[in-house]
Amino acid sequence: MLDRNFLLNEFPELMWIKDEPLRDKCIEAFLDALEQGGWDETTVFDCPIAVTEMSPECPVRNFSHVHDVLHMCKAMCDWYIPRYEEYVDCDPDIVLAAAFLHDCCKYTEYTMKDGKPGYTDKAALMRHPLAGAIVASRHGLPDKVVHAIATHSFEGSKSYVTPEAHILKAADNSSFGYLHQRFHS
């Protein structure tokens, strides 16, 4: 069953978020997105990281991509924040919360039709960055988390970017960019 324990088991990285109420809100927001999209424990691992941009041969699915982005964000926070803390105010909990949630609404943007990934009707009106920002906001996540989710993809390329959003975008671009180059359809 897709519940709090399911996400904690699948994402032990959630324990890197030291602020427990923030972590709890992240879990509730992700579960909300999964429920909205109609995903369950038998289908959740099938959600792709992209539908039309990637060939079907791409072995990486959304859960794996979120793990990758979480690990890259953690490494960047561990390196950059101590080195530049006197110049840049950056909260690692905000970075990690946004990394966990950045693609949660791919579960509302994508669906499986006859065993193949496709777009939901909602996707024509709202891609996952905006939908994810709305879900995060609805669950009371801080504005910096909402901002990082909203600006992590091309939709945010002309927006102001916080240090937290910059780290998330760099990690996501690195993970997705390599796969896109290798498995571009």
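Read the figures in this text as sums done on the coordinates, not as results from a lab. Here the structure is a predicted model, which is why all the values come from computation and not from measurement. Note: ideal-geometry Cβ built from the backbone for every residue, glycine included; neighbour counts use all protein chains shown.
Brief remarks on what is shown
- Dipole of the range 66-112, positive end: most advanced residue of A98, P82, V69 [Cβ charges, Cα centre]: V69
- Comparing I134, I94, I167 in a Gaussian network model of the chain (Cα springs below 10 Å), the most mobile by mean-square fluctuation is I134.
- The count of lysine pairs in the chain with alpha-carbon distances below 27 Å, taking only pairs 8 or more places apart or on different chains, stands at 25.
- Summed residue charge, Cβ within 15 Å of R138's Cβ, Lys/Arg positive, Asp/Glu negative: -4
- Fully extended contour minus Cα-Cα distance, from F45 to Y178, at 0.36 nm per residue: 45.8 nm
- Computed on the range 4-183, the Cα convex hull volume stands at 114 Å³ per residue.
- Whether the range 100-185 is rounded, prolate or oblate, judged on the alpha carbon gyration tensor where a/c under 1.5 counts as rounded: oblate
- C-alpha center-to-center spacing [the range 1-65, the range 110-143] in angstrom: 12 Å
- Each of M126, M54 was scored by other Cβ atoms within 10 Å of its Cβ. Listed from fewest to most, they are M126, M54.
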